[in-house]
Amino acid sequence: MSGNRTFRQSMSWLHGWAGLLLGWLLFAIFLTGTLTVFDKEISWWMQPELRDTGVDQPTAARFAQDWLAREHGEAAVWSIGLPTERSPVLKVSTGEDRRAERLVLDPESGARVPVRDSVGGNFFFRFHYSLHLPRTLGIWLVGLAAMAMLVALVSGIVIHRHLFRDFFAFRPVGSRRAWLDGHNASAVLLLPFHLMITYTGLVIFFLIYMPAALDALYGGDRMAMLREASPGAQAVAGGMDRGDQRSRDGASAREAPPAELLPLESFIVPAEALFGSGMVASLRVRHPGRANARVEASPLLGSRIALTKGEAAVFDGVSGKLLQAPAEKRPSALTQRVMAGLHFAQFGGYPMRWLYFLCSAVSCAMIATGLVLFVIRQRLKVAEANAGQGFLRLVETLNVGTLAGLMLGCVALLWAARLLPADLAGRAGWEARLFFAVWALAFVHAWRRPPMAAWREQLWAAALLCMGLPLLEGFSAPSLDKTRLLLELCVFLCGAVLGWVAWRVGKASAADGVSRSLEGAMRC
Amino acid sequence: MSRRLSLPPARRAWLDVALRVTAAVFGGYVLTYAATAALARLLPLARFDAAMLATLLSFALYTGFVLWAFAAASVRRVWLGIALSLPLAAVGFWPVWFGGAS
């Protein structure tokens, strides 16, 4: 790279290398992000013991209160996850730990439902933002990848000569330029989405990634800054301030005299008045049975576009008085929450969820075709210069292992959820280990096999596992309902698409059309 | 690209790339950090709003700088750009450094 290159050449170089070196990571982040859109549904499918009993929230709250008073009357905190549209079961836990095991209760039979220990759809969510690495390291790596994505997107726009003409020139089958067309079409078609999802992803952890203004204006004191997010609010009910509240209340808890807790169902209506009908997700009771009992109602994440994570309304548990409503935020704070909300995609119900799912699938396809395109061009260069075979082999291996191998790992996780014995000790951990083992094996396989064979075999394996998923229902307890059926149908369709790709790859390599199509791609 | 790198002065080309990547990634972060602090200090808004706006814009700033770092005619120019961090940081952190509390 020296001075005499044009702007477009520099951008093309940057696009190629930034896209390659972080493309593998980006594909993994985007694919798991796509699956996270349906995290609750995947969790539901992975735990076939769960059943929708159709119990409404007041009934569930009443039952949970009776059960908790009987079994955990002395606990300092009760948490009650109410049945909601996407997760129509009642879950309870006790104690401060938010990650404490949540028991599933069935208000109809009045008993605990034994549910298998599973990583659930949350596995994809955690991978999406932290890669299952130690949190800080993972978040920074994902941030680095997101920055590379922004750079690749903007440089991609710059190098694209005929942005719109090319979009109408998709020649998917039998064309030499199919890969390039696919990359361009998927990029141009959803360019606003790609930019939005990447930028808003960075905005979620904005103060972690870029604490400059925080350091300059607040001396690095995050709490001080967040306290100013709501004008006039002394104490914000958000998750940030709960720590103080907890320690403040902790001392008085033991001294407070016993007092009757109001029926918990009576808090649902006033909470709905704040969050909207059917938008209450959970109730948390501090000091149940004491005079200083507090009931916190949390909204469903989809109650509005702005992300409401950590917000809650606090009521007096004895008098029922509203003590604290979620504070109104300053417009600038709301801007950040709306951007985060646009990324979390919890608003707008199922139609919006499907839209996000399809759009992110296109993002995945764009990244994947970009990676394949790099190999195709590299192959031509290697053939020309008769050098660099080792590098090409490495890139091809990583491509197969990351693209096909990760999909294989994801669907293998679903199989593991149903096939591992339900009472296995440390079961969720084994599911995760199986996922990583399958993924690692995919890299070994990709290294050992010729590239085209590796593509074909792994794609076929993933396709067959996807299409075979409905069969699993026969092995486990009959648990079929609308959600699970739809998920299986959806996975089956994904399998069919993968099978089609595998078949095309097989046909192309059989006809030796590959090297030829490469030439076409190179020329354009 | 690699074709370029395999030209005779290949080592010089590699050095150029390494310097540019370092400048873009780390130098770019330092410059963005300083610029965000300065922007937050200079924006005629309430303290909180200025901090939010500057931080939300910082990722666009960083992206823009990275692109420029690879498009600039010489690496020297890129490092000169990064040197702007010092005055920018001085603006951003002026009261912290020299005036006690802001």
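The values are calculated or read from the model by the stated rules, or taken from the named source; none is laboratory data. No experiment lies behind these values; they were computed from the predicted model shown. Here the Cβ positions follow ideal geometry from the backbone for every residue, glycine too, while neighbour counts run over all protein chains shown.
The table that follows gives values for the structure above.
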{"item": "Entirely in segment A:285-384, the strands (runs of 3 or more DSSP E) that have 1 or more residues that are buried (at least 21 other Cβ atoms within 10 Å of the Cβ) and of a type in the set (A, V, I, L, M, F, W, C)", "result": "A:294-299, A:313-316"}
{"item": "Matching option when the condition is of a type in the set (A, V, I, L, M, F, W, C), touching a residue at least 12 places away in the same chain (Cβ under 8 Å) and within 14 Å of chain B (Cβ to nearest Cβ), among A:VAL362, A:VAL338, A:VAL372, A:VAL318", "result": "A:VAL338"}
{"item": "Verdict on B:PHE65 being at the interface with chain A (Cβ under 9 Å from one of its Cβ atoms) and modelled with pLDDT of 90 or more", "result": "no"}
{"item": "Matching residues, segment B:68-87, being among the aliphatic types (A, V, I, L, M), assigned to a helix (DSSP H, G or I) and more than 10 Å from every other protein chain (Cβ to nearest Cβ)", "result": "B:VAL78, B:LEU80, B:ILE82, B:ALA83, B:LEU86"}
{"item": "Given (1) without any contact (Cβ under 8 Å) to a residue 40 or more places away in the chain; (2) assigned to a helix (DSSP H, G or I); (3) of a type in the set (Lys, Arg), index of the condition A:ARG62 fails", "result": "(1)"}
{"item": "Which numbered condition A:MET46 misses (of (1) modelled with pLDDT of 95 or more; (2) more than 29 Å from A:LEU392 (Cα to Cα))", "result": "(1)"}
{"item": "Test: residue in segment A:404-417 that is more than 20 Å from the chain's Cα centre (by Cα), touching a residue at least 12 places away in the same chain (Cβ under 8 Å), on the phi < 0 side of the Ramachandran plot and in a helix (DSSP H, G or I)", "result": "no"}
{"item": "Test result for A:SER186, more than 14 Å from every other protein chain (Cβ to nearest Cβ), buried (at least 19 other Cβ atoms within 10 Å of the Cβ) and either modelled with pLDDT under 95 or not in a loop (DSSP other than H, G, I, E, B) (or both)", "result": "yes"}
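Residue-by-condition table, conditions (1) modelled with pLDDT of 85 or more; (2) touching a Cys at 6+ places or on another chain (Cβ under 6 Å); (3) under 30 Å from A:PHE63 (Cβ atoms):
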residue: A:ARG161; (1), (2), (3): no, no, no
residue: A:PHE168; (1), (2), (3): no, no, no
residue: A:PRO172; (1), (2), (3): no, no, no
residue: A:ILE197; (1), (2), (3): yes, no, no
residue: A:MET223; (1), (2), (3): yes, no, no
residue: A:PRO231; (1), (2), (3): no, no, no
residue: A:ALA235; (1), (2), (3): no, no, no
residue: A:LEU264; (1), (2), (3): yes, no, yes
residue: A:ILE268; (1), (2), (3): yes, no, yes
